[in-house]
1. What does the charge add up to near Ile131, with Lys and Arg as +1, Asp and Glu as -1, over the other residues with Cβ less than 14 Å from its Cβ?
2. Go through the stretch 99-111 residue by residue and turn each phi into a ³J(HN,Hα) via Karplus (6.51, -1.76, 1.60, θ = phi - 60°); whole Hz please, and just put x for glycine and proline.
3. Only Lys, Arg, Asp and Glu count, each charged at its Cβ (+1, +1, -1, -1), so figure out the dipole size of the stretch 2-142 about its Cα centre, rounded to 20 debye.
4. Against the longest principal axis of the chain, how steep is helix 120-142, in degrees 0 to 90 to the nearest 10, with axes from Cα atoms?
5. Kindly provide the helix-only [θ] at 222 nm of the chain, computed as the sum of -39,500 (n - 2.57) over DSSP H runs of four or more divided by all residues, to the nearest 500 deg cm²/dmol?
6. Using every alpha carbon pair in the chain, what percent of pairs falls into each 5 Å bin from 0 up to the bin containing the largest distance?
Amino acid sequence: MTTTTLTRRIDAPLDEVFEAVADRATFGEVVPDIVDVEFLTEDHAGVGTRIRETRVSGSKTETTELVVTEYEDNDHVRFMADDGATRWDTVIRVEPRVHGTELSITLNGRPQTLKAKLMTPITGSNASRVIMRDLEAIKHYCEGG
């Protein structure tokens, strides 16, 4: 299993930061790597919401189906995804700070195949880069950049 956690302080109110990450339609507008967001359920937020997200990663385009498994307004949202080789568990959490909000993203990947297990060091490194880009995009958006 690979676990990656990255955190960023954002000079914006907690509720605005949470909205930017918990609402996948907004998140899709905020993060330039995301080129399409399709809701597979009637609800667009909350536990049980299913989303198909298409993201550009380098020269590849990857589509992932996400399911919201936990949703605590203005606290955290948890997404699960399974790409066949790895099960992904992502928790996005917001916490108030004296000046702004602390945003953390934790991504746990549990390899399901031998090839995925062998690729874990590379997968972890790639996950860190993706999370870092997402955090920077969210910070830029929420701070009015």
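1. On the way: positive: Arg8, Arg55, Arg93, Arg129, Arg133, Lys139; negative: Asp33, Asp89, Asp134, Glu136.
Result for the local shell: +2.
2. Whole-Hz 3J(HN,Hα) from phi for the stretch 99-111: 10, x, 9, 9, 10, 10, 10, 10, 10, 10, x, 10, x.
3. Numbers: 17 positive and 25 negative charges, 187 e Å.
Computed about the Cα centre, the dipole is about 900 debye.
4. Approximately 20 degrees, to the nearest 10.
5. On the way: 4 runs with 44 residues, N = 145.
Estimated from H runs of four or more residues: -9000 deg cm²/dmol.
6. Binned Cα distances yield the sequence 2, 10, 19, 24, 22, 14, 7, 2, 1, 0.
Taken together, the values in this text are just the output of simple stated rules run on the coordinates, not laboratory data. Since this is a predicted model, take the numbers as computed values, not measurements. Glycine gets a Cβ as well: all are built from the backbone with ideal geometry, and neighbour counts include every protein chain shown.
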